[in-house]
Amino acid sequence: INMHNTFGKLLCIATLAASLASCEKAGEKLVLHTPAFGAGAVKASATAVVLSSDNDDSTVLAFSWDALDYGKNPVVTYTVQVDMASDTTGQDGWGKAKSFVTGTARSYSFKGKDLNNLLNTMGLLPGTEGPVAIRILSDIDQYNGSASSVPTVYSGTLVVMITPYGLNLYVPGDYQGWDPASAPV
């Protein structure tokens, strides 16, 4: 019986040693807090822009913003959203916004022709100054591509007055003798 009791104790000690040897120390727990964009965190290079074919290839509007502090250094993706100011309120607010992902960069700029084309597709009338709303979104990337449990952080809205120009299309045809110089616009 004494031998049986000793064998049982040795078996228990061996089992305990094996279980302790297989334990791994867990890594540091990553705790993030949800920051906020401060007042003045988003800056624009201009408060009013008049677009024309003369500034098509020039940078006409640039935005920059401060980095957000989540408490640790997670990978953050920033997105610039552009919308008509009238479409940013109510239940469908920002529903028609155009989004430009900048990745980890904290700036974004528009060439004249790109901004003009964007605003023409959004419905801003050529030759008419209109308020265009801009905001920045900040999202935490997950290492595995799944949705983040950290909520999106939105900046305040920045409004820039922009005047786009119209694109003219001349339509020659048999009805007018195929003369492009006298074709209607």
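Hey, with R₀ at 30 Å, roughly what FRET efficiency would residue 114 and residue 34 work out to, going by the Cβ-Cβ distance, to 0.05? The partial results should precede the final answer.
On the way: r = 33 Å, r/R0 = 1.09.
So the FRET efficiency works out to roughly 0.40.
Quote to one decimal, in nm, the extra length available between residue 84 and residue 43 on full extension: 0.36 nm per residue of separation minus the C-alpha distance between them.
Details: separation 41, 0.36 × 41 = 14.76 nm, distance 1.82 nm.
Here the answer is 12.9 nm.
When the accessible area of the stretch 58-153 is split by element with a 1.4 Å probe, what percent falls to carbon and sulfur?
Carbon and sulfur: 46 percent of the exposed surface of the stretch 58-153.
Compute the length gained on full extension between residue 50 and residue 91: take 0.36 nm times their separation in residues and subtract their Cα-Cα distance, giving the result in nm to one decimal. Mind showing how you got there, number by number?
On the way: separation 41, 0.36 × 41 = 14.76 nm, distance 3.11 nm.
Separation in residues times 0.36 nm, less the Cα-Cα distance, equals 11.7 nm.
Quickly work out the residue 99-to-residue 178 label distance, labels modelled 7 Å from Cα along the C-beta direction, and quote it in nm with one decimal.
According to this spin-label approximation, the distance is 4.9 nm.
Taking just the C-alpha trace of the stretch 33-117, give me its Rg and Dmax in Å.
Using the Cα atoms of the stretch 33-117, the pair Rg, Dmax is 14.9, 46 Å.
Can you give the accessible area per residue of the stretch 45-125, in Å², using a 1.4 Å probe?
Details: 4310 Å² over 81 residues.
Dividing the accessible area of the stretch 45-125 by its residue count gives 53 Å².
Among 141-151, 100-110, how do they line up by average Cβ neighbours within 10 Å per residue, starting with the highest? Don't jump to the answer; show the numbers that get you there.
Details: 141-151: 9.7, 100-110: 14.5.
The densest-packed peptide leads the list: 100-110, 141-151.
Give me the net charge for the shell around residue 38: Cβ to Cβ below 11 angstrom, other residues only, Lys and Arg +1, Asp and Glu -1. The partial results should precede the final answer.
Values: positive: none; negative: 66, 69.
Computed value for this residue: -2.
The values are calculated or read from the model by the stated rules, or taken from the named source; none is laboratory data. Source: prediction; values computed, not measured. Virtual Cβ from ideal backbone geometry, glycine too; neighbours counted across all protein chains shown. Heavy atoms of the whole protein, side chains included, go into the accessibility calculation; ligands, DNA and RNA do not. Shrake-Rupley method; radii C 1.70, N 1.55, O 1.52, S 1.80 Å.
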